[in-house]
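Asks: Structure in structure tokens, see below.
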Amino acid sequence: MKQQGLLSVVFALLLALPFSLGAYQTYLTSASFLSDVGATYSLTDFNSYSSGSSWSTLTVTGSAFKVLFTNPPQLVTSCKPGSNGVLWTNDFESSGAKIIGSYVNTSPYSYPYAIGGNFFNGQSGTCAWQSGGMTLIINNGDPTQISLSFTPTSSSYFFGVYTSFPIKSFTMVGPGGSRIPTLDNLYSGVVPGPTIAMPDSFTFTENSFNNTLDILAN
């Protein structure tokens, strides 16, 4: 009976956790996203970069997060449709171009649990919004990975996600051809989820009267 009781306790505690492994929630407005993220986040708008600048790796540092943008073996490139800067890539793959963002987990920076921004397909040469679907792959290393597909309707289209696991990297994948993955206003944040105050230890006592296991928090 004691072993069965312990298994029941473990199962009950797992059910009480705020997320299960790989759980996530998505957002379609920045207001709802930021409402859940709270005050700890970094915003990157790419407005300070000159149009046409290219990098094999672009490092962007915020107050709490640091992210490295790449598109191996191609480059990531800044573009300015007007005064607003965006990040895209010069990779024109028929199978779908991509932008990869990898987070740095070295103090004072940490992995975020939430990312959001304006994700859309930009036209080759102008960065203007183009119709077409996009896939956002969120990863914390093997085996936890989620793949989210959506269809941006404009350059201001917002998509956000928070997860039950730290986000080590994300990959934007577009439909390819002249429609290129484009990113603006990237939010990286910590989601203040509910916490469970656990006692330091438990005392387990077998109750022979009703064949149960009594549990007392120390």
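The values are calculated or read from the model by the stated rules, or taken from the named source; none is laboratory data. Because the structure is a prediction, the values reported are computed rather than measured. Ideal geometry is used to build each Cβ from the backbone, glycine not excepted, and the neighbour counts take in all protein chains shown. Accessible surface areas use protein heavy atoms only, side chains included; no ligands, DNA or RNA. Shrake-Rupley method; radii C 1.70, N 1.55, O 1.52, S 1.80 Å.
For (1) at pLDDT below 95; (2) within 27 Å of GLY38 (Cβ to Cβ), each residue gets a yes or a no:
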| site | (1), (2) |
| --- | --- |
| ILE115 | no, yes |
| ASN118 | no, yes |
| ASN121 | yes, no |
| GLN130 | yes, no |
| ASN139 | yes, yes |
| GLN145 | yes, yes |
| PHE150 | no, yes |
| THR153 | no, no |
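Asks: Is the stretch 209-216 home to any residue that is at pLDDT below 95, open to solvent by less than 70 Å² (accessible area, probe 1.4 Å), of a type outside the set (Ser, Thr, Tyr) and within 21 Å of the chain's Cα centre (by Cα)?
Replies: No, that holds for no residue.
Asks: Which residue is farthest from PRO108 (Cα to Cα), if the candidates are limited to the stretch 72-90 and must be part of a strand (DSSP E or B) and touching an Asp or Glu at 6+ places or on another chain (Cβ under 8 Å)?
Replies: The qualifying residue farthest from PRO108 (Cα to Cα) is GLN74.
Asks: Same structure, new question: Looking only at the stretch 157-178, how many residues end up being open to solvent by 30 Å² or more (accessible area, probe 1.4 Å), closer than 20 Å to THR89 by Cβ and not in a strand (DSSP E or B)?
Replies: Selection size over the stretch 157-178: 4.
Asks: Output the residue which, of all residues in the stretch 126-152 that are out of contact with any strand residue (DSSP E or B) (no Cβ under 8 Å at 6 or more places or on another chain) and free of Cβ contacts under 8 Å to residues at least 24 places away in the same chain, is surrounded by the fewest Cβ atoms within 10 Å (Cβ to Cβ).
Replies: ASP142
Asks: Check the stretch 162-172 and report whether any residue there is over 13 Å from the mean Cα position of the chain (by Cα) and either modelled with pLDDT of 90 or more or among the aliphatic types (A, V, I, L, M) (or both).
Replies: no
Asks: Can you give me the ranges of the strands (runs of 3 or more DSSP E) entirely in the stretch 11-71 with at least 3 residues that are within 14 Å of the chain's Cα centre (by Cα), surrounded by 13 or more Cβ atoms within 10 Å (Cβ to Cβ) and modelled with pLDDT under 85? First the steps, then the outcome.
Replies: Numbers: elements: 24-27, 41-44, 57-61, 66-70.
Qualifying strands (runs of 3 or more DSSP E): none found.
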